[in-house]
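Engineer: Quick one: this structure, given as structure tokens, is what I'll be asking you about.
Derivation of every value follows stated rules applied to the coordinates shown; laboratory data play no part. Because the structure is a prediction, the values reported are computed rather than measured. Glycine also receives a Cβ, built like all others from the backbone with ideal geometry; neighbour counts cover every protein chain displayed.
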Number of protein chains: 2
Amino acid sequence: MKKPLILITNDDSINAKGLRKLISLMRPLGDVVVISTVDVMSAKGHSITTTPTLKVTPVQEMPGYREFVCNGTPVDCVKAGYQWLLDKAPDLVVSGINHGSNASTNVIYSGTMAAVIEACMDGIDGIGFSLDSYAADADFDHLDAPITAITKEVIAHGLPKGVCLNVNFPYRREEPIRGIRVCRQAQGRWVEAYNDFVDEHGNNCLKLGGAFICDDDGEDTDYWAINHNYISLVPTHYDLTAMQYLDKMSRFEKVMNVL
Amino acid sequence: MKKPLILITNDDSINAKGLRKLISLMRPLGDVVVISTVDVMSAKGHSITTTPTLKVTPVQEMPGYREFVCNGTPVDCVKAGYQWLLDKAPDLVVSGINHGSNASTNVIYSGTMAAVIEACMDGIDGIGFSLDSYAADADFDHLDAPITAITKEVIAHGLPKGVCLNVNFPYRREEPIRGIRVCRQAQGRWVEAYNDFVDEHGNNCLKLGGAFICDDDGEDTDYWAINHNYISLVPTHYDLTAMQYLDKMSRFEKVMNVL
């Protein structure tokens with residue numbers, strides 16, 4: 001069987017421990033091209049670079065493995081990767097392993113998942129992997145077996161058209177991971193606490209802080225899963241239509257008549 | 001009846017013609033606070049500023065009207081707006097009028113819609129308005145009546161929890177707009193064409209180009225609507241779960257057993 005071509009990206013920079021772990025797990029599974037952000041680019045969502053400033057720079061190359069950095073966002077990495085750098089589309093895009101959970105509504109802000117969703121829009125299978133720890137030196141070794149197993153399953157059988165995977169891992173605890181749960185995205189939100197301060201030029205600036213609040217205690221959610229030591233796997237799409245309200249909005253079709 | 005507090009934002013800068021039009025339409029409907037991006041910030045998606053560099057600067061103030069600029073993204077404008085600047089949450093967030101369509105999968109890249117989705121996550125009603133023309137001097141006058149009517153309807157009766165509106169307008173043609181259609185988001189994608197060039201420092205750079213391809217000829221879509229001279233109105237949410245595949249993914253729960 002022909003080796004799959006796997007494109008790897010993420011937003012924690014080329015030297016992030018999570019990215020290096022993901023590279024080491026993917027190389028036995030296929031030919032690998034890495035295009036990572038130069039800098040840490042957290043919370044860039046689906047942002048893309050529209051100014052003519054994008055650069056893709058080679059880092060290393062050997063048989064079956066090439067590594068590049070891109071000065072844009074994770075979505076820029078993916079777009080420039082297969083629409084410019086590579087002469088064919090990859091068979092799979094994997095993103096991560098992110099330092100920090102992308103469960104619940106964190107997926108909305110996530111560059112890790114945006115890269116995968118971008119590939120999904122182009123009909124390419126994609127998986128985002130994230131660990132529920134922001135620590136730069138977090139331990140990723142307990143993820144080797146599940147990441148390999150999930151990726152092999154996707155390579156072997158593919159994903160439905162228009163669907164990618166948002167996979168989040170609990171952080172290592174005393175007990176081993178209890179298994180994988182297919183979940184829905186939990187309802188949650190960030191409550192910000194901006195801190196005012198004066199920068200070195202005397203400007204009043206704001207520093208974003210805050211806390212994540214989960215408003216959803218459903219045991220079928222990703223947030224519940226990772227907080228109960230399960231791996232969460234959310235089949236994810238990019239259709240934002242609130243389908244259940246389509247037939248409840250007809251009053252808006254009538255407002256033009258009563259102007 | 002108490003006047004509603006309306007927060008207005010967008011990503012085309014404080015002087016954009018579409019933003020100024022929206023301000024003029026909202027001021028008769030409530031007390032208005034504008035927080036706009038300083039610069040044109042197209043395609044910033046749900047990006048937020050996590051570095052301590054955010055600034056909010058007052059531009060003008062009069063009874064019932066305050067105007068600020070923020071050096072971040074549209075989502076920063078909304079977050080800093082009601083979580084820092086204002087002493088209470090607004091009753092409504094409106095974003096736009098964007099110079100360029102946010103129909104179909106353009107919603108994924110859109111800062112205009114991300115601002116509205118951010119408010120929606122916090123339980124605040126929101127509407128994004130976009131015109132199917134990128135021209136800086138586009139004519140917005142044919143939108144006065146429908147924007148006022150849609151906004152009044154939302155102020156009067158609210159939106160379902162977790163739902164905001166993505167409203168796209170056809171560009172002025174020979175015939176008048178045919179009406180408003182409640183739609184689903186069309187399936188589409190951008191096919192990029194990156195252009196290589198050498199910048200003034202001798203660096204090889206990429207300039208993003210490309211064309212939007214709609215793969216969906218459904219007459220129930222937003223893309224169809226604006227291309228047939230209707231206003232499209234998509235009830236939009238932020239749950240990316242592909243619900244119809246939740247019960248078709250159980251094979252992934254079993255991969256851990258066969259390691």
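Engineer: Ratio of alpha-carbon Rg to the 2.2 N^0.38 Å globular estimate for chain B, to two decimals, please.
Structural biologist: Numbers: Rg = 19.7 Å, N = 259, 2.2 N^0.38 = 18.2 Å.
In units of the globular-protein estimate, chain B measures up at 1.08.
Engineer: Turning to a different aspect of this structure: Taking other Cβ within 10 Å of each residue's Cβ, how do B:Trp84, A:Trp224 sort, fewest first? Please list the in-between numbers first.
Structural biologist: Details: B:Trp84 17, A:Trp224 21.
Ordered by Cβ neighbours within 10 Å, fewest first: B:Trp84, A:Trp224.
Engineer: Under unit Cβ charges (Lys, Arg +1; Asp, Glu -1), what dipole magnitude, rounded to 20 debye, does chain A have relative to its Cα centre?
Structural biologist: Working: 23 positive and 33 negative charges, 131 e Å.
I would put it at about 640 debye.
Engineer: I need the inter-copy label distances for B:Val191: point set 7 Å along Cα to C-beta, values in nm with one decimal, smallest first.
Structural biologist: 4.9
Engineer: Another question, if that's okay. For the protein assembly as shown, with only Lys/Arg (+1) and Asp/Glu (-1) charged at the beta-carbon, what is the dipole magnitude about the Cα centre, in debye rounded to 20? Write down the numbers at each step before the final one.
Structural biologist: Working: 46 positive and 66 negative charges, 90 e Å.
With Lys and Arg at +1 and Asp and Glu at -1, about 440 debye.
Engineer: If you count, for every residue in A:182-189, the Cβ atoms of partner chains within 10 Å of its Cβ, what is the mean?
Structural biologist: Values: counts 9, 3, 6, 6, 2, 5, 1, 6.
Going residue by residue through A:182-189 and averaging, the value is 5.
Engineer: Here's something else I'd like to know. Take chain B, connect every pair of alpha-carbon atoms lying under 10 Å apart with a spring to form a Gaussian network, then pick out the residue of B:Ala136, B:Ala43, B:Ala115 with the largest mean-square fluctuation.
Structural biologist: B:Ala136
Engineer: Tell me the mean residue ellipticity at 222 nm calculated for chain A from its helices only (DSSP H runs of n ≥ 4, each -39500 (n - 2.57), averaged over every residue, nearest 500). Don't jump to the answer; show the numbers that get you there.
Structural biologist: Details: 7 runs with 56 residues, N = 259.
Taken over chain A, the calculation gives -6000 deg cm²/dmol.
Engineer: Then there is this: Across bins of 5 angstrom width beginning at 0, how are the C-alpha pair distances of region A:190-259 distributed, in whole percent?
Structural biologist: Each 5 Å bin holds this share of Cα pairs: 3, 11, 9, 10, 12, 12, 10, 11, 12, 7, 3, 0.
Engineer: In peptide A:245-253, how many Cβ atoms from other protein chains are near each Cβ within 10 Å, on average? Write down the numbers at each step before the final one.
Structural biologist: Values: counts 9, 6, 2, 4, 10, 3, 3, 13, 7.
Mean number of neighbouring Cβ atoms from other chains: 6.
Engineer: Kirkwood Rh, Cα Rg: Rg to Rh for region A:39-119? Provide the component values of the computation, followed by the final result.
Structural biologist: Numbers: Rg = 13.0 Å, Rh = 13.5 Å.
In region A:39-119, Rg relative to Rh is 0.96.
Engineer: What is the Cα centroid distance between region B:165-204 and region A:108-176, reported in whole angstrom?
Structural biologist: 30 Å
Engineer: Which cross-chain or sequence-distant (5 or more) residues have an amide H under 5 Å from the amide H of A:Gly179, H modelled 1.01 Å from N in plane?
Structural biologist: Amide H to amide H, under 5 Å and 5 or more residues apart or across chains, A:Gly179 pairs with A:Ile231.
Engineer: With the cut-off at 39 Å, report for the protein assembly as shown the share of all Cα pairs above it, as a whole percent. Show your work: numbers first, answer last.
Structural biologist: On the way: 30464 of 133903 pairs.
Summing the P(r) tail past 39 Å for the protein assembly as shown gives 23 percent.
Engineer: Can you put A:His157, B:His99, A:His228, B:His237 in order of Cβ neighbours within 10 angstrom, beginning with the fewest?
Structural biologist: Details: A:His157 9, B:His99 25, A:His228 12, B:His237 20.
By the 10 Å Cβ count, ascending: A:His157, A:His228, B:His237, B:His99.
Engineer: Among the aspartates and glutamates, select those whose C-alpha is under 12 Å from the C-alpha of B:Lys55, and discard any that sit fewer than 8 residues away in the same chain.
Structural biologist: Partners within reach: A:Asp196, A:Asp199, B:Asp76.
Engineer: So which residue, out of B:Ser13, B:Ser36, B:Ser47, gets the largest mean-square fluctuation from a GNM of chain B using Cα contacts under 10 Å as springs?
Structural biologist: Looking only at B:Ser13, B:Ser36, B:Ser47, the biggest GNM fluctuation is shown by B:Ser47.
Engineer: What is the Cα centroid distance between region B:24-49 and region A:5-29, reported in whole angstrom?
Structural biologist: 37 Å
Engineer: Test of understanding: what is the full-extension gain from A:Asp220 to A:Glu253, defined as 0.36 nm times their sequence separation minus their Cα-Cα distance?
Structural biologist: 8.3 nm
Engineer: Next question. Quick one: of the DSSP bridges fully inside the protein assembly as shown, what percent are antiparallel, nearest 5?
Structural biologist: Values: 46 of 104 bridges.
That works out to approximately 45 percent antiparallel.
Engineer: Using +1 at the C-beta of Lys and Arg and -1 at the C-beta of Asp and Glu, which of A:Leu54, A:Ile8, A:Phe68 has the Cα lying farthest in the positive direction of the dipole of region A:1-72?
Structural biologist: Of the options given, the answer is A:Ile8.
Engineer: Please list, ordered by chain and number, the residues whose modelled amide H lies under 5 Å from the amide H of B:Asn98; skip anything fewer than 5 residues away on the same chain.
Structural biologist: B:Phe129, B:Ser130, B:Leu131
Engineer: How big is the antiparallel share of DSSP beta bridges in chain A, given as a percent to the nearest 5?
Structural biologist: On the way: 21 of 50 bridges.
Just about 40 percent of them are antiparallel.
Engineer: Let me ask something else. Rounding to the nearest 20 debye, state how big the charge dipole of region B:1-128 is about its Cα centre with +1 on each Lys and Arg Cβ and -1 on each Asp and Glu Cβ. List each step's numbers first, then the result.
Structural biologist: On the way: 11 positive and 12 negative charges, 52 e Å.
Rounded to the nearest 20 debye, it is 240 debye.
Engineer: Rounded to the nearest 0.05, what FRET efficiency do B:Asn15 and B:Asp144 have when you use their Cβ-Cβ distance and R0 = 25 Å?
Structural biologist: Values: r = 20 Å, r/R0 = 0.79.
Taking R0 as 25 Å, the efficiency between B:Asn15 and B:Asp144 is 0.80.
Engineer: Next up: What's the FRET efficiency of B:Glu200 with A:Val59 using the Cβ-Cβ distance as r and R₀ = 22 Å, to the nearest 0.05? Provide the component values of the computation, followed by the final result.
Structural biologist: On the way: r = 25 Å, r/R0 = 1.13.
So the FRET efficiency works out to roughly 0.35.
Engineer: Also: Taking a label point 7 Å out from Cα toward Cβ, give me the nm distances from A:Gly210 to the same spot in the other copies, shortest first, one decimal.
Structural biologist: 2.6
Engineer: Let me ask something else. Taking chain A as a Gaussian network, Cα atoms linked when under 10 Å apart, which of A:Val94, A:Val198, A:Val56 shows the biggest mean-square fluctuation?
Structural biologist: Maximum fluctuation in the GNM of chain A, among the listed residues, is at A:Val198.
Engineer: Arranged by the count of other C-beta atoms within 10 angstrom, fewest first, what order do B:Glu219, A:Glu153 take?
Structural biologist: Numbers: B:Glu219 9, A:Glu153 18.
Fewest-to-most Cβ neighbours within 10 Å comes out as B:Glu219, A:Glu153.
Engineer: While we're looking at this one, here's another question. Over every pair of different alpha-carbon atoms in region B:118-259, take the mean of 1/r and invert it; report that Kirkwood radius in Å. Numbers along the way, then the final one.
Structural biologist: Working: mean 1/r = 0.0534 Å⁻¹.
Computed over region B:118-259, the radius equals 18.7 Å.
Engineer: Can you give the net charge of the other residues whose Cβ lies under 10 Å from the Cβ of A:Ser47, counting K and R as +1 and D and E as -1? Spell out each step's value before the answer.
Structural biologist: Details: positive: A:Lys44, B:Lys44; negative: A:Asp76.
Residues near A:Ser47 contribute +1 overall.
Engineer: Tell me the distances, shortest first, between A:Arg251 and the same position across the other copies, using label points 7 Å along Cα→Cβ, in nm to one decimal.
Structural biologist: Between copies, matching label points for A:Arg251 lie 4.5 nm apart.
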